[in-house]
Structure formats: structure tokens, C-alpha cells
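Report on one structure; see the data block that follows.
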Amino acid sequence: MPAVGVELGVEDVRDARERIGARVRRTPILPAGELSRRVGARTVLKAENLQLTGSFKVRGAFNRLLQLSDAERAAGVVAASAGNHAQGLAFAARELGIHATAVMPAGAPLSKVAAVKQYGGEVILNEGTYDDAKHAADELARAQGKTIVHAFDHPQVVAGQGTVGLEIAEDLPGVRVVVVPLGGGGLATGVAIAVKSLVPGARVVGVQAEACAPYIDSLAAHRPIGARSANTICDGVAVKQPGELTLPLVERWLDEVVTVSDDEAAEAMVLLLERSKLVVEGAGAVAVAALMHGKVEPPADGEVCAILSGGNVDASLLAECIRLGETAAGRRIVLATVVPDRPGSLAALLQIVAQHGGNVVDVEHLREGMDLHLRETAIHLVLQSNGPEHDKEILDAVKAEGFPVRIER
């Protein structure tokens, strides 16, 4: 493994800030009252979803590009990315007059693909996962003499991402726990280097998506081990194998790595949207999800900071994540029952639901393939509620009127 990875320190991060400080946004740290209540400690949000291009990635991209030689700039750069790194690179390259090519998985969110093109980047869609795109980008770089700008596995990229940690350390000198999304490891290790060097006693916890969490096995084995799948709504952290550089950095600098499910990430997205008025993508919400669901032990005193790493999410995927998050929180349910197949029966059922404050999202009649009397029909109601206690209230009220009923998740 590259020795330079272990040697990265806070001075490298400070140098990066000197280099890129005027080109990126110092993002705000925002209070999170409801999350603080759930965690049991004062919790704040580092809103990198409000960064230029919608994620922290532009920091590392600028730091890398600003250190290229004139010949490297003239030849252009290429990167593999699921979306956010490609956007950050395309933006930084345009600002510096460098041609950038992004090799993206064919299934990358359309909004991210469109944004890369709008920032002036050339997009090549490649079948498969991020790792397949990386192999294609490597081949393109060799064939055309371009410089690879890795999404995370390069010291200049790690140092650039670490400027997020510098801002946290300066703005929150009382921080005790920093929770950060962990994909390839560039952001998590850069932040940890800065925070733990400047705030004695602070802990840094990395969060991976449960469906793609290679760091768990890799840390145990002390070598990169690939995940079997990258199928998750948290595409921004769905990196199947840790980097040769970032794995030893994670092992040295992070205190713990935990995972969250897609349901938990979606629920966090909904909380952030409703309570903090922030649009955050799945990967950007995993730190909040970990806190919401007790995956991270809160400190006895001091502050907790959750990093929102990105806000680039397709509108269609956002709607699906809201549905998933409401379901996970018990606020969207399917109520199944049987009613007499005669006029007024469905209206009577809906009136009961309305009287108890349930919002009917969808109604489905089911008659085929079911063991029903000739004069009966099955009904599925998709309802929005205020949570599990409200679900029970509606269910009890419907049962009290003689409808056989059950709730389906």
C-alpha cells in the first residue's frame, strides 16, 4: 500500500484549503432540533449538499487539478464516477480551462448525467457498476494520455475533501462526535485527519450502506475486500472495494464504521426534508440515519456533527425515497379488508378512515384469485398517517365497524 497514504496529515489539508479556499463554498453548520431530541445530544448538520455542484466532491477535484502540470492540463483528465465526483470534476475543469471526461455507470441518475454535461464535461456511459466504469476510465486514460482523477484514492483528493473537517473543527470547537458518509473513503479520512488533529478527544464514525459495505470485511482482514453488490439507493457511497490508499487511512483515523439500511437512509431523507427543509440524496443522509437509529453512541457532553455529503437526487427517485421513508417510519401503510360488493360500502370504509385523520393515497379493488363470497370484494387502501400509534387508531376504528382488517407493510 502507498506509504504516502499513512503520511497524510493536517498540514496537507491546510495546504489544500489555501489552494482551493477561494474557489469553493464554506458550507454552513445548521442546527437539527428534532434529530438532537432523538439522539439525546446537541446535533448539528454540516450541509455539504449546499456546496457548489451539490456535494463535497468539488473540493478534492479542485485540489487535484490545481496541481497538474501544464502538459497534463493540455491532455485533459478522465474520471469514473456514479455522479457527484463527475459533477465536481467537470465544474472544476471548466473553471480551469481543462477538458474533462466522465465515465459513468449506465444506470447513473439522469439528473447527475445532465449536470455533468451542463458543467462542460464529456460523458461516457458504461454498462455495470462504478467499478466497471473505473476500469473503462483507466483504459481510456492509457489510450489517450489523459490523467486519471480518482474519486477518492489519491492523497490530493483526500486532502481536498479534508477541508470539510477543517471547517468543522473551526466552527465547532466543542464537537465530540463527527459522523460521515463512507464510500471510497476520501471524505471520511480527510475529515478524520483534520478533526482528530485539531479537536483532542473527538471521535469520527464512518457510515456505509448496508447493501454495499466493503469496509467492514476489509478492516477485519487488513486488506481491500470487495462487496458482492452495489444495489442501494445510496449510490454515492456504493463503492464495492476500498482504495489501496484510503483503507489504511480509515484503519488509522476512524474510530468506528457502521452501516444503515436503505429504509433507514430513506427515513433520514424524509426527516431532513420535513424538519430541516434540506434535499439530501441517499448517500448524503446515511450519517443522519445512523444517528436516528442508534448506530452511533452519543457523547456525554459536547456536540455531534452529521455531514450531509450531497443533495443530487433525481426527482423521481426522491419521490420513491419519500415513500420508502414514510413506510419505514410507519407513516405509510396498506390497510387490507373485505367489504360487501354493493353501493356505499367503500364510501363507509373511507368515511371511517377520514374521521380518524388518515389520508387515502390509493384505493385498489381485488376480486380475482381470492377466496371471496360472490357479493364481496377485497380492498387495499394505501394510507398516510402520523405514525404507528395513529395506524393502530385507524385499524381499531375500522375493526370496530365490523370490517375484517389487517395492515400490510
Roughly how much of residue 8 is accessible, in Å² to the nearest 10, using a 1.4 Å probe? 10 Å²
With unit charges on the beta carbons (Lys and Arg positive, Asp and Glu negative) and the dipole taken about the Cα centre of segment 53-115, which residue among 65, 100, 80 sits farthest to the positive side? 80
Once you've got the GNM for the chain with C-alpha springs shorter than 10 Å, pick whichever of 154, 293, 365 has the biggest mean-square fluctuation. 365
Residue by residue through segment 39-46, which ³J(HN,Hα) values in whole Hz follow from phi under the Karplus form 6.51 cos²θ - 1.76 cosθ + 1.60 (θ = phi - 60°), with glycine and proline marked x? 6, x, 8, 5, 10, 10, 10, 8
For every other residue with a beta carbon closer than 12 angstrom to the beta carbon of residue 224, add +1 if it is Lys or Arg and -1 if Asp or Glu, then tell me the sum. -3
Residues listed by number, segment 382-409, amide nitrogen under 20 Å from residue 354 label point at 7 Å toward C-beta: 382-386, 391, 393-403
Solvent-accessible area of residue 295 with every protein chain in place, 1.4 Å probe, in Å² to the nearest 10: 60 Å²
How high is the relative contact order of segment 82-133, in percent, with contacts defined as C-alpha pairs under 8 Å that are six or more residues apart? 42 percent
Highest average packing first - 227-239, 69-81, Cβ atoms within 10 Å: 227-239, 69-81
Here the percent of antiparallel bridges among DSSP beta bridges lying wholly in the chain, to the nearest 5, is 45 percent
Total charge of the residues flanking residue 266 in space, meaning their Cβ is under 12 Å from its Cβ, with Lys and Arg +1 and Asp and Glu -1, is -4
Residue 18 versus residue 345, label points 7 Å from Cα toward the beta carbon: distance in nm? 7.9 nm
All other residues with a Cβ under 12 Å from the Cβ of residue 186 taken together, and with Lys, Arg as +1 and Asp, Glu as -1, what is their net charge? +2
For the chain, dividing by residue count, accessible area per residue (probe 1.4 Å) in Å² works out to 41 Å²
Suppose R0 equals 35 Å. What FRET efficiency, 1/(1 + (r/R0)^6) with r the Cβ-Cβ distance, do residue 396 and residue 277 give to the nearest 0.05? 0.55
Calculate the FRET efficiency for residue 375 and residue 315 from the Cβ-Cβ distance with a Förster distance of 56 Å, rounded to the nearest 0.05. 0.80
Say R0 is 30 Å: what FRET efficiency, to the nearest 0.05, do residue 216 and residue 11 get from their beta-carbon distance? 0.45
About its Cα centre, what dipole magnitude does the chain give when the only charges are +1 on Lys and Arg Cβ and -1 on Asp and Glu Cβ, stated in debye to the nearest 20? 760 debye
Points 7 angstrom from Cα along the Cβ direction at residue 70 and residue 25: gap in nanometres? 3.5 nm
Contact order normalised by length for the chain, with contacts defined as Cα pairs under 8 Å and 6 or more residues apart; what percent is it? 16 percent
If you look for lysine pairs in the chain that are eight or more places apart or on different chains, how many of them have Cα atoms under 24 Å apart? 23
Contour minus Cα-Cα span, residue 223 to residue 334, at 0.36 nm per residue, comes to 35.5 nm
Hey, what number do you get for the chain at 222 nm if only DSSP H runs of n ≥ 4 count, each worth -39500 (n - 2.57), divided across all residues, to the nearest 500? -13000 deg cm²/dmol
For residue 244 and residue 256 in one chain, what is 0.36 nm times their gap in residues minus the Cα-Cα distance, to one decimal in nm? 2.4 nm
Of the accessible area of the chain, with the probe set at 1.4 angstrom, what percent is carbon plus sulfur? 48 percent
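The values are calculated or read from the model by the stated rules, or taken from the named source; none is laboratory data. Keep in mind that what you see is a predicted model, and the values were worked out from it rather than measured. Ideal geometry is used to build each Cβ from the backbone, glycine not excepted, and the neighbour counts take in all protein chains shown. For the accessible areas, the whole protein counts, side chains as well, though only heavy atoms, and no ligand, DNA or RNA atoms are used. Shrake-Rupley method; radii C 1.70, N 1.55, O 1.52, S 1.80 Å.
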